[in-house]
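Trainee: One structure, pasted below without further comment.
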Amino acid sequence: MVFGRLHVLPLVTQFLTRYSEINIRLVLSDRNADLIDEHLDMAIRIGALSDSSMIATRIGAVRHVICASPSFLACYGVPGTPSALAELPCVSHELTARGTAWPFREPGAKVDTMAPVRVRRAVTTAEAAIDAAVAGIGVTRLLSYQVAEAVARGALRIVLERYEREPIPVSILHAGLGMLPLKVRTFRDFAAPRLRAALGEAKLKPPSQAS
């Protein structure tokens, strides 16, 4: 839903302004909707695609990143390895047992390893996790586009970058049933380059490097 609010909603507004004869029903959700059963023309999916009946247009990738506020890191120190997180207060927005251990990829390794974390605060949304991390409550793990703005203004700092997992693909998806309707093709062709540009601009740079 964060990606939809930050990137898709403004895009839809631009599209409606340009194409006044087309209407859009926008569904923002964190679940993977079934396009056919729910009568949806297309979706923007974050993650690997397993359904071969769908046609995908790749528009970029995002990362799972570990971040904390500069004041927190000044107080507790910058973790050098994932195992250090077991000694630091952390903020999780996964309200399951999975939230007590986070996956990492050792440099040169081909499989992930799980590092235990000490969860001080568990929340249900990415926004709440960002707010808690900015306030210095603890280290959090989120997607790169979710924290891009906080990183750009210096409120959060990325750590443990060399232990990040493979980037996660982002795709525009539609059903592969016959010829694509003109209005759907028009939206795809409008959205794809703009979303690629948006994902390209959302690089996680400290304020001194931001353009």
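The values are calculated or read from the model by the stated rules, or taken from the named source; none is laboratory data. Since this is a predicted model, take the numbers as computed values, not measurements. FYI the Cβ positions are ideal-geometry reconstructions off the backbone, even for glycines, and counts take in every protein chain you see.
Trainee: Residue by residue through the stretch 56-82, note down the ones that are over 17 Å from the mean Cα position of the chain (by Cα) and at pLDDT below 95.
Mentor: A56, T57
Trainee: Any residue that is more than 23 Å from G4 (Cβ to Cβ), modelled with pLDDT of 90 or more, in contact with a strand residue (DSSP E or B) (Cβ under 8 Å, 6 or more places away or on another chain) and not basic (K, R) - is there at least one of those in the stretch 144-155?
Mentor: Scanning the stretch 144-155, I find no residue that is more than 23 Å from G4 (Cβ to Cβ), modelled with pLDDT of 90 or more, in contact with a strand residue (DSSP E or B) (Cβ under 8 Å, 6 or more places away or on another chain) and not basic (K, R), so the answer is no.
Trainee: What about D51, is it at pLDDT below 95, over 23 Å from R165 (Cα atoms) and of a type in the set (D, E, K, R)?
Mentor: Numbers: at pLDDT below 95: yes; over 23 Å from R165 (Cα atoms): no; of a type in the set (D, E, K, R): yes.
Criteria not met by D51.
Trainee: Report every pair of residues separated by at least 6 positions or lying on different chains whose Cβ atoms are under 9 Å apart, first residue within the stretch 19-41 and part of a loop (DSSP other than H, G, I, E, B), second polar (S, T, N, Q).
Mentor: Taking only residues 6 or more apart or on different chains, the pairs are Y19/T186; I22/T186; I36/S53.
Trainee: Within the stretch 135-191, track down each residue that is surrounded by fewer than 17 Cβ atoms within 10 Å (Cβ to Cβ) and among the small types (G, A, S).
Mentor: Within the stretch 135-191, A135, G136, G154, G176, G178 qualify.
Trainee: Right, next: Among the numbered conditions (1) on the phi > 0 side of the Ramachandran plot; (2) in contact with a His (Cβ under 7 Å, 6 or more places away or on another chain), tell me where A129 comes up short.
Mentor: The failed condition is (1).
Trainee: Determine which single condition R185 fails, assuming it passes every other condition in (1) under 23 Å from G60 (Cβ atoms); (2) at pLDDT below 90.
Mentor: (2)
Trainee: If you take just the strands (runs of 3 or more DSSP E) that sit entirely in the stretch 108-184, which of them hold at least 1 residues that are out of contact with any Lys or Arg (no Cβ under 8 Å at 6 or more places or on another chain) and among the basic types (K, R)? Walk me through it before giving the result.
Mentor: Working: elements: 113-116, 118-122, 139-143, 157-159, 168-175.
By residue number, 118-122, 139-143, 157-159.
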